[in-house]
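Single-structure report; data block below.
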Amino acid sequence: MVLPNILLTGTPGVGKTTLGKELAARSELKYVNVGDLAREGQLYDGYDEEYDCPILDEDRVVDELENQMTEGGIIVDYHGCDFFPERWFHRVFVLQTDNSILYKRLEARGYNEKKLTNNIQCEIFHIPHEEALASYKMEIVHPLRSDKPEDLEDNIDEILKWVEQWIKDQSS
């Protein structure tokens, strides 16, 4: 059975990882967190002192994921999306969170002030959504609210229904 590839994107702290892991647990899809993949494979191209984080080597990440993506059935979780090949994804979900909720989540992670401010501004200006719209066909990009626990269940239900319909459409 052929399965779709899904990208979960959005500002750090919006709930991509929680959603991705739950989707994988409730489906036949495999979850890949790009941050974990990069850490495990040391797929970095330096370190950003200002933001206190490693710099992702995007080309090496794409090379690392290519075979899995070709097979299908992958949920990719990453806050950026413009470097992934357009052909990889059947649906792109952009998680969005209220700024006050996001601020508390990022503060709890211990983000420094510059990193915290930058991420909040990205959410305010809908940068992840705009990046997704610029990188993929508009009809496959879908925003999802991610403010409260009920949103998680609603998003899981919506995505699983979409996967089920996608599978039916492929077999007809």
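The values are calculated or read from the model by the stated rules, or taken from the named source; none is laboratory data. Everything numeric in this text was worked out from a predicted model, so none of it was measured. Here the Cβ positions follow ideal geometry from the backbone for every residue, glycine too, while neighbour counts run over all protein chains shown. What goes into the accessible areas is simple: the full protein's heavy atoms, side chains included, and nothing from ligands, DNA or RNA. Shrake-Rupley method; radii C 1.70, N 1.55, O 1.52, S 1.80 Å.
At a glance:
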| item | result |
| --- | --- |
| The range 15-27, residues that are open to solvent by 20 Å² or more (accessible area, probe 1.4 Å) and either at pLDDT below 95 or under 13 Å from the mean Cα position of the chain (by Cα) (or both) | Gly15, Thr17, Thr18, Lys21 |
| Residue satisfying condition, being at pLDDT 95 or above and closer than 24 Å to Asn112 by Cβ, within set Asn67, Asn33, Asn5 | Asn33 |
| Residue in the range 28-48 that is of a type in the set (Val, Ile, Thr), in contact with a Ser or Thr (Cβ under 7 Å, 6 or more places away or on another chain), crowded, with 18+ Cβ neighbours inside 10 Å and over 21 Å from Glu164 (Cβ atoms) present | no |
| Test for Thr70: is it closer than 21 Å to Ile140 by Cα and either open to solvent by less than 40 Å² (accessible area, probe 1.4 Å) or touching a strand residue (DSSP E or B) at 6+ places or on another chain (Cβ under 7 Å) (or both) | no |
| Residue check for Asp57: open to solvent by less than 60 Å² (accessible area, probe 1.4 Å), under 22 Å from Ile120 (Cα atoms) and acidic (Asp, Glu) | no |
| Members of the range 146-172 that are open to solvent by less than 50 Å² (accessible area, probe 1.4 Å) and over 19 Å from the mean Cα position of the chain (by Cα) | Trp166, Ile167 |
| Inter-residue pairs, beta-carbon under 6 Å, first under 18 Å from Leu3 (Cβ atoms) and in the range 80-92, second of a type outside the set (A, V, I, L, M, F, W, C) and surrounded by 12 or more Cβ atoms within 10 Å (Cβ to Cβ), 6+ apart | Trp88/Asn5; Phe89/Asn5; His90/Pro4; His90/Asn5; Val92/Tyr136 |
| Among (1) open to solvent by 40 Å² or more (accessible area, probe 1.4 Å); (2) out of contact with any helix residue (DSSP H, G or I) (no Cβ under 7 Å at 6 or more places or on another chain); (3) in a helix (DSSP H, G or I); (4) modelled with pLDDT of 95 or more - the single one Lys114 does not satisfy | (4) |
| In the range 79-111, residue least open to solvent (accessible area, probe 1.4 Å) [restricted to those that are of a type in the set (Val, Ile, Thr) and over 13 Å from the mean Cα position of the chain (by Cα)] | Thr97 |
